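One structure is given below, encoded as structure tokens.
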Amino acid sequence: MNVRIITNNRMVADRFKDSYTVELYDISYRDILIKARDCIHEGYRLLSHPLSGSVKPNETPYKSLLISKEKKSLDLDSLRIIEGAIATCDKFGQNRFRLTESICEDFMIIDLSLISGALSESTKV
């Protein structure tokens, strides 16, 4: 499949490393969005929405995104979406909650579920 996963969630990386190209980074939610934006500027397309699910950017430290494996010309729709997501992330500001290991694991599972759904939808196209 012509899909790359960009993530900061080790559960996602562990689950999909044998099936997809997975790039695991030890960076923040916002930095994952920036990493995706940089890829879009290089000509890759965004294949999953960066604000999927009902978890606000300031509530979870984890984000996984699907982008294309192949470079083409700049996709303005992808750029508009990722720039909007970065602006939304900035609007919410930093997380003010103390995230225990258990809470972090719950957020990893939520992110894993969201990206699994996006992957199953992308195989239908």
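The values are calculated or read from the model by the stated rules, or taken from the named source; none is laboratory data. Predicted, not measured: the structure shown is a model, and the values here were computed from it. Ideal geometry is used to build each Cβ from the backbone, glycine not excepted, and the neighbour counts take in all protein chains shown. Surface accessibility is based on the protein's heavy atoms, side chains included, excluding ligands, DNA and RNA. Shrake-Rupley method; radii C 1.70, N 1.55, O 1.52, S 1.80 Å.
Of the solvent-accessible surface of the chain, computed with a 1.4 Å probe over protein heavy atoms with every protein chain present, carbon and sulfur atoms account for 49 percent.
Charge dipole (Cα centre; +1 on Lys/Arg Cβ, -1 on Asp/Glu Cβ; no other charges) of the chain amounts to roughly 220 debye. The trypsin sites (Lys or Arg not before Pro) found in region 53-125 that occupy coil by DSSP, while having at most 11 further C-beta atoms within 10 Å, are LYS71, LYS72, ARG96, ARG98, LYS124. SER73 contributes an accessible area of around 90 Å² to the protein surface, as traced by a 1.4 Å probe with all chains present. What the chain shows is 58 Å² of accessible area per residue, with the surface traced by a 1.4 Å probe over protein heavy atoms.
How many angstrom separate the Cα center of region 26-58 from the Cα center of region 69-125? Using only Cα atoms to place each centre, the spacing works out to 5 Å.
Among beta bridges identified by DSSP and lying wholly in the chain, the antiparallel ones come to about 60 percent. Here region 1-100 is described by how far its Cα atoms reach on the three principal axes: 40, 31, 21 Å, from widest to narrowest.
Step through the table entries LYS17/LYS56; LYS56/LYS91; LYS17/LYS63; LYS17/LYS72, compare each Cα-Cα distance with 20 Å, and write down the pairs that go over it. Among LYS17/LYS56; LYS56/LYS91; LYS17/LYS63; LYS17/LYS72, the Cα-Cα distance tops 20 Å for LYS17/LYS56; LYS17/LYS72.
Ranked from largest to smallest solvent-accessible area, with a 1.4 Å probe on the protein heavy atoms, THR60, THR100 come out as THR100, THR60.
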